[in-house]
Amino acid sequence: MKLKQQQLEDLNKKGLSDHKSHFDYTTQTLSKNNVDVNQVIKKLAEFQVAIPSWALGAGGTRFGRFSYGGEPASLEQKIEDIGLIHRLTQTAGAVSLHIPWDVPNDYNAIKELAAINKIKFDAVNSNTFQDQKNQKETYKYGSLSNTSAAVREQAIAHNKEVIEIGNKLGSKSLTVWLADGASFPGQNNFQTALTHTQNSLIEIYEDMPTDWKMFIEYKPYEPYFYSTVIQDWGTSLMLANGCGERAYTLVDLGHHLPNTNIEQIVSILMLKGKLGGFHFNDSKYGDDDITVGSIKPYALFLIFNELVYGMQNNPQNPELGWMIDASHNLKDPLEDLIQSLEAIQEAYAKALLIDQQALRAAQEANDVSLCQEILQGAYRTDVRPLVREARLQTGGVINPIDAYRKLEVREQLIKERGKNTIATGL
Ligand code: PSV
Ligand code: MN
Ligand code: MN
């Protein structure tokens, strides 16, 4: 399905006068507080978040999966779907592939299709948590940490292949998330498992082109319920340091035990120049992977506050690889992604409004109440007019969900692809 420029312009025309009055009011109020509104809009317009190839279809739970209809059945269709979201939001200019689900048949054709849709290839993800057809060894008892050298070698070889595939597409980073762990006390020797993991990662690291980065993701539990080899940011950081300069920690918001202070983790990693990648989602209990900002929007804002601070003050930290890591069993996956992008932009915009100098001064003076006033003043601002303006200026639509529905995107996709569809992915 293709969206026509004229269709988008017609929709924007209808919402323009309302938008203008909201935007003018917001600009006036913020300007009085010395906020450079144009600068905020520029930053919002530049902020691009990768869409994972596995979030475009309805996910399931371990109890079942209900098809949404019109889901992408090929890499081509996945890129087209991201193209649709990007066209509306102008914020989703990248895709993150998962191998072997997304191995291209024709590299040039895929690259061309991505270019037409203005989509870049972000980090590529390896998969050593599932056994693939015709695979010699099994990952049942782990991959890079396995007690068997043959299994570890197979998992290392897979990661090298992922790098090769990503390299042909123009990716510049590899994300490693391991399911490796144990479900029962005594099952694993913690030290042996970590040592194997480190050595395996070093081999993969050394195989990366010199302009590539490695992102090491951590997660406290699941699929195993007693221990995970890379359980927390400390372990990830240790492994990254053991690999070298271009290995970094990746923070996935859902990969923390309840009430973990994620903003502090983000801050410290940036101070050390070791935060490489970031996966957005939201959760109430664990790795729920639900819509960004749907449960803990204030926590997301506090995290963005540290990200903004780090981007402004930590030149030792590289530019981050941003990705939404979500799964949808109930909502239209594309609507869910649009809502996530919106929540990310809002949290980012609010964090950009924080008067960093005033906050710093209040912190130095130990004026605790004022610190809170400054943060909450920014948080309570309705920044939606700024987000809409950023979209308008870059050729997107004022209200993406409304446009998506008025343009009957899902209905069209169902017509083209069918009702009982399944997309590969988690
Ligand atoms: C599993 O927890 C997971 O959601 C990780 O967050 C990875 O980033 C993703 O799957 C893809 O492998
Ligand atoms: Mn993740
Ligand atoms: Mn996850």
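Take the Cβ atoms of ARG360 and THR29, set R0 to 22 Å, and the FRET efficiency comes out at 0.45.
For the pair PHE63 and ASN189, the difference between a 0.36 nm per residue extended length and the Cα-Cα distance amounts to 42.2 nm.
Peptide packing for 72-85, 136-149 was compared via the average number of neighbouring C-beta atoms within 10 Å per residue; ordered from the highest value, the list is 72-85, 136-149. Considering only beta bridges that DSSP places wholly inside the range 5-417, some 15 percent are antiparallel. Take the Cβ atoms of SER17 and LYS42, set R0 to 30 Å, and the FRET efficiency comes out at 0.80.
Here is how the number arises for the chain: DSSP H runs of 4 or more residues each give -39500 (n - 2.57), the sum is divided by the residue count, and the result at 222 nm is -15500 deg cm²/dmol. Note on the chain: with charges restricted to the Cβ of Lys and Arg (+1) and Asp and Glu (-1), its dipole about the Cα centre is near 680 debye.
If we count every other residue with Cβ under 14 angstrom of ILE398's Cβ, Lys/Arg +1 and Asp/Glu -1, where does the sum land? Once positives and negatives cancel, what remains is +3.
The residues neighbouring LYS274, those whose beta-carbon lies less than 12 Å from its own, together hold a net charge of +2 under the Lys/Arg +1, Asp/Glu -1 convention.
If the chain linking LEU330 and ASP367 were pulled fully straight, counting 0.36 nm for each residue of separation and taking away their Cα-Cα distance, it would gain 8.8 nm. Three principal axis extents of the range 5-417 based on alpha-carbon atoms, in descending order, are 65, 61, 41 Å.
Bear in mind these aren't lab numbers, they're just calculated from the coordinates by the rules spelled out. What you are looking at is a predicted structure, and each value in this text was computed from that prediction instead of being measured. Here Cβ is always computed from backbone atoms with ideal geometry, including for glycine, and neighbour counts include all displayed protein chains.
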